[in-house]
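The values are calculated or read from the model by the stated rules, or taken from the named source; none is laboratory data. Please read these numbers as outputs of a predicted model, since none were measured by experiment. Cβ coordinates were reconstructed from backbone atoms using ideal geometry, including for glycine residues, and neighbour counts include every protein chain displayed.
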Amino acid sequence: MEPVPSRFIVFAAALAILSWSSAYPIVRIALPEIAAIPLAAARYGLAATLALGWLLYHRPPFPARRDWLRFVLCGAIGITIYNILFNTGEQTVSAGAASLIISAAPLLATLIAVFLMGEQLSAWGWIGSLTSFSGVAMIVLGMRDGLSFGSGAVLVIGCAISGAIYTTAQKALVRRYGALTTTAYVLIVGALLLSPWWPQAVDGLARASWHTRAAVIELGIFPAALGYAAWAYVIGIRGAARTATLLYLLPPTTIVLAFFLTGEIPTVNTLAGGAVVMTGVFITNRFGKKTFSPVKASCS
């Protein structure tokens with residue numbers, strides 16, 4: 001088999017990072033004209049259509065009955081609940097702050113693996129985890145709504161927890177069916193669970209301006225479909241451990257895109273807390289894991 005040209009790998013990695021980073025500011029662009037949950041329904045209705053087309057073209061093996069419940073749980077947690085919390089939280093949380101809070105999801109996935117799956121975390125791992133969570137606390141406490149019940153910050157933290165659970169739960173499915181097939185079925189399940197809001201999504205799009213419709217199309221095609229496909233391609237070539245470090249680029253890329261797309265300027269508190277979060281993530285992934293390999297975050 002001929003080696004894959006490095007430029008293809010770089011392009012795929014850049015596509016994944018840019019696609020996922022764009023979700024944060026683009027959601028904020030669409031929210032004024034489409035409600036949070038119908039926006040998620042519209043976005044993943046489009047993504048599921050693309051996923052169904054891919055499945056019909058490639059015809060991978062249909063999942064075994066024993067895995068149906070796991071696919072439903074992954075779709076419910078990783079797509080439906082995650083995006084309801086994400087879209088609702090972003091009504092009051094800036095794109096940059098949201099990306100920094102959600103960047104703690106891989107650490108949460110590590111802790112889930114430690115407590116529920118018997119995997120081990122070294123002293124450095126615990127130091128890194130506590131460092132990241134202190135950074136999240138700095139960001140959240142600097143917000144106007146803080147940690148009040150139902151606040152946007154709490155919803156984004158819930159989004160990060162959902163992403164961590166999804167990351168852990170999908171591992172067995174990825175081993176059996178591959179990353180692309182697993183993602184395709186999960187997207188379809190998540191979209192079906194959001195189907196009660198499809199009528200509101202259609203009505204909202206009919207009334208929306210052209211730039212909001214373009215935002216929904218971008219969200220469905222790039223972050224929800226092409227982003228995951230490009231990431232799976234890079235992992236297949238470079239491996240999960242070597243590729244996971246690229247996730248450090250998500251928050252800074254999001255902050256830059258948010259500045260150009262929405263004029264959002266991060267506060268000093270957000271930048272300081274973000275630096276602490278990313279330091280903790282680096283410590284945990286570089287020094288902290290005894291038997292736990294870096295995992296892919298749920299990245300919107």
(message) So ILE81 passes all but one of these: (1) among the hydrophobic types (A, V, I, L, M, F, W, C); (2) surrounded by fewer than 24 Cβ atoms within 10 Å (Cβ to Cβ); (3) modelled with pLDDT under 80. Which condition number does it fail?
(response) (3)
(request) Looking only at region 204-249, count how many residues are at pLDDT below 90 and in a helix (DSSP H, G or I). (result) 25
(request) Please find, among LEU15, LEU50, LEU56, the residue that is assigned to a helix (DSSP H, G or I) and over 20 Å from the mean Cα position of the chain (by Cα). (result) LEU56
(request) Mind listing whichever residues of region 250-283 are hydrophobic (A, V, I, L, M, F, W, C), in contact with a Phe, Trp or Tyr (Cβ under 8 Å, 6 or more places away or on another chain) and closer than 30 Å to TRP124 by Cβ? (result) LEU250, MET278, VAL281, PHE282, ILE283
(message) Step by step: first the residues of region 190-203, then only those that are within 14 Å of LEU46 (Cβ to Cβ) and assigned to a helix (DSSP H, G or I), then the one that is farthest from the chain's Cα centre (by Cα). Which residue is that?
(response) VAL202
